[in-house]
Amino acid sequence: MKIESHIVLFAVISILFLSACTGKTKSNTNMMDGENEISKTELQNEKIAVMVEMEGKTFTLHQKELVNNILTIKNDTLQFVFYTNENLFQLNLNLNNTDILRQGSATYTIPDINQPKVKVDLSFFNNERDVKSMNKRIIFRKGILNITKITEHQLQMTFEGEGSGMLEYGKNFPISGEATVNF
């Protein structure tokens with residue numbers, strides 16, 4: 001019976017993602033220098049789904065302009081990819097064998113949660129980063145990821161820590177942000 005309810009939940013989430021992806025063609029990725037800050041009120045008014053601060057810039061993805069909110073669910077594995085048509089900035093979140101769907105929320109300390117196997121993987125892609133192509137992928141290497149809500153309709157999370165380009169070991173920089181994405 002428990003397995004059947006998970007299958008139904010997975011099917012509902014998949015259908016919602018497919019229906020949420022239709023009709024989205026416009027793109028809007030905003031980048032601001034460290035001097036410009038976005039208040040929580042502005043986040044709510046602008047319906048910003050994702051906001052990430054790193055390397056002195058703030059990256060935002062607007063809910064109405066997200067393309068293909070990709071969600072893959074298989075055997076308690078969730079894979080999220082959020083981006084816009086411009087594809088200048090992207091957020092990826094992978095949750096493996098965390099039982100998060102049943103719990104509805106969780107806090108993860110990275111890298112501790114990933115011992116001995118990777119359970120939580122948060123990364124970003126910044127196409128405008130002036131580095132070799134492999135280092136445009138930024139890995140969240142150390143910090144706290146707090147998923148406050150995950151349902152078949154919404155993901156809410158915050159994160160704060162540090163990371164670096166894929167091959168830039170030992171060159172970590174601060175990364176923080178939040179996401180409230182509706183499917």
| If you stretched the chain out fully between K142 and N85, how much longer would it get, using 0.36 nm times the residue separation minus the C-alpha to C-alpha distance? | 17.6 nm
| Going by how many other beta carbons lie within 10 Å of each one, how would you line up M51, M134, fewest first? | M134, M51
| said: Between E160 and Q115, how high is the FRET efficiency from 1/(1 + (r/R0)^6) when r is the Cβ-Cβ distance and R₀ = 22 Å? Nearest 0.05. | reply: 0.60
| remark: Plugging the Cβ-Cβ distance of N75 and K47 into 1/(1 + (r/R0)^6) at R0 = 30 Å yields, to the nearest 0.05, a FRET efficiency of 0.35
| query | Taking other Cβ within 10 Å of each residue's Cβ, how do I147, I73 sort, fewest first? | reply | I73, I147
| Order of K57, K47 from fewest to most other C-beta atoms within 10 Å? | K47, K57
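Quick note: the coordinates plus some simple rules give every number you see, no bench work behind them. Since the model is a prediction, treat every value here as computed from it, not as a measurement. We place every Cβ from the backbone using ideal geometry, glycine too, and count neighbours over all the protein chains shown.
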